[in-house]
Amino acid sequence: MTNSVTTHGHGDVGWQSDAALAYAIFRLTFGVNICFRGIVRITVNGLDQFSAGLMKQFEPTWFPPFAISSFGHVIPWVETAVGLLLIVGLFTRPALVIGGLLMTSLTFGTMFLQNFDLAWLQLTYAIAFFLLLAARSWNVISLDRMLGKN
């Protein structure tokens with residue numbers, strides 16, 4: 001049996017359902033979190049300062065400095081883009097996949113530094129990406145749905 005308030009009569013979650021509202025709020029909140037991580041790194045701290053901080057952290061490792069510097073200049077832009085896409089709910093699936101893979105790469109580096117507390121925080125972010133991707137069928141209140149993208 002379907003409820004006309006929560007579904008469209010064929011099993012889809014309706015925009016008024018608790019699931020759709022919860023998903024939209026979580027996606028929006030997580031998008032703001034990720035987006036502003038990038039914006040602050042770009043505008044307040046500056047890309048060069050952020051990158052220099054990463055290079056200093058990774059001095060004891062075998063990672064080449066040019067790779068760390070390049071990564072440090074790219075991360076904030078990726079965070080900002082992923083966050084903006086999540087905020088508006090556009091290209092949600094690719095944004096979540098890219099964000100999840102970014103967390104994988106960050107965790108890879110963090111484990112080389114043996115910063116296990118930060119690795120746990122990164123795992124928390126990875127779980128948020130997982131939950132949003134796994135429950136994407138609830139992504140009804142979004143530009144994706146308005147534009148007919150799946």
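The values are calculated or read from the model by the stated rules, or taken from the named source; none is laboratory data. All values derive from a computational prediction rather than experimental measurement. All Cβ positions, glycine included, derive from the backbone under ideal geometry; neighbour counts span all protein chains shown. When the accessible area is computed, the model is the full protein with side chains, heavy atoms only, and any ligands, DNA or RNA have been set aside. Shrake-Rupley method; radii C 1.70, N 1.55, O 1.52, S 1.80 Å.
Do you know which residues across the range 1-41 are of a type outside the set (A, V, I, L, M, F, W, C), modelled with pLDDT of 55 or more and assigned to a loop (DSSP other than H, G, I, E, B)? First the steps, then the outcome.
To start, the set of residues in the range 1-41 that are of a type outside the set (A, V, I, L, M, F, W, C) comprises 2-4, 6-12, 14, 16-18, 23, 27, 29, 31, 33, 37-38, 41.
Cutting the leftovers down to modelled with pLDDT of 55 or more gives us 12, 14, 16-18, 23, 27, 29, 31, 33, 37-38, 41.
Correct list: Asp12, Gly14, Gln16, Ser17.
Which condition number does Glu59 fail, the rest of (1) surrounded by fewer than 12 Cβ atoms within 10 Å (Cβ to Cβ); (2) in contact with a Gly (Cβ under 7 Å, 6 or more places away or on another chain); (3) modelled with pLDDT of 85 or more being met?
With respect to (1) surrounded by fewer than 12 Cβ atoms within 10 Å (Cβ to Cβ); (2) in contact with a Gly (Cβ under 7 Å, 6 or more places away or on another chain); (3) modelled with pLDDT of 85 or more, Glu59 is out only on (2).
Look at the range 62-83 and say how many of its residues are open to solvent by less than 70 Å² (accessible area, probe 1.4 Å) and under 24 Å from Gly31 (Cβ atoms).
Total satisfying the criteria: 10.
What pairs come up if the first residue lies in the range 57-69 and is more than 18 Å from Thr107 (Cβ to Cβ), the second is modelled with pLDDT of 90 or more, and their beta carbons are under 7 Å apart, counting only those six or more places apart or on different chains?
Close Cβ pairs satisfying both conditions: Pro65/Met55; Ser69/Ser51; Ser69/Met55.
Is it the case, given these coordinates, that Leu86 is open to solvent by less than 80 Å² (accessible area, probe 1.4 Å) and of a type outside the set (Ser, Thr, Tyr)?
Numbers: open to solvent by less than 80 Å² (accessible area, probe 1.4 Å): yes; of a type outside the set (Ser, Thr, Tyr): yes.
Against the criterion (open to solvent by less than 80 Å² (accessible area, probe 1.4 Å) and of a type outside the set (Ser, Thr, Tyr)), Leu86 qualifies.
For the range 91-98, check the following and say yes or no: at least one residue is surrounded by 13 or more Cβ atoms within 10 Å (Cβ to Cβ), touching an Asp or Glu at 6+ places or on another chain (Cβ under 9 Å) and part of a loop (DSSP other than H, G, I, E, B).
Residues of the range 91-98 surrounded by 13 or more Cβ atoms within 10 Å (Cβ to Cβ): 91-93, 95-98.
Now restrict to residues that are touching an Asp or Glu at 6+ places or on another chain (Cβ under 9 Å): 91-93.
Going one step further and asking which of them are part of a loop (DSSP other than H, G, I, E, B), we end up with 91.
Checked the range 91-98: at least one residue is surrounded by 13 or more Cβ atoms within 10 Å (Cβ to Cβ), touching an Asp or Glu at 6+ places or on another chain (Cβ under 9 Å) and part of a loop (DSSP other than H, G, I, E, B).
Is there any pair linking a residue in the range 75-104 that is on the phi > 0 side of the Ramachandran plot to one that is among the hydroxyl-bearing types (Ser, Thr, Tyr), with Cβ under 9 Å and at least six apart or on different chains, and which?
Correct list of pairs: Gly89/Ser142.
Considering only the range 110-126, state which residues are on the phi > 0 side of the Ramachandran plot and either in contact with a helix residue (DSSP H, G or I) (Cβ under 7 Å, 6 or more places away or on another chain) or in a helix (DSSP H, G or I) (or both).
We begin by selecting, within the range 110-126, every residue on the phi > 0 side of the Ramachandran plot; these are 114.
Those that are on the phi > 0 side of the Ramachandran plot and either in contact with a helix residue (DSSP H, G or I) (Cβ under 7 Å, 6 or more places away or on another chain) or in a helix (DSSP H, G or I) (or both): none in the range 110-126.
Test of understanding: among Ile42, Ile127, which residue is β-branched (Val, Ile, Thr), under 20 Å from Ala20 (Cα atoms) and surrounded by fewer than 19 Cβ atoms within 10 Å (Cβ to Cβ)? Outline the logic, then answer.
Details: Ile42 fails: under 20 Å from Ala20 (Cα atoms).
The conditions single out Ile127.
For Thr107, are the conditions met, namely being more than 12 Å from the chain's Cα centre (by Cα) and assigned to a helix (DSSP H, G or I)? Even if it seems obvious, please write down each step before you answer.
Details: more than 12 Å from the chain's Cα centre (by Cα): yes; assigned to a helix (DSSP H, G or I): yes.
When the stated conditions are applied, Thr107 passes them.
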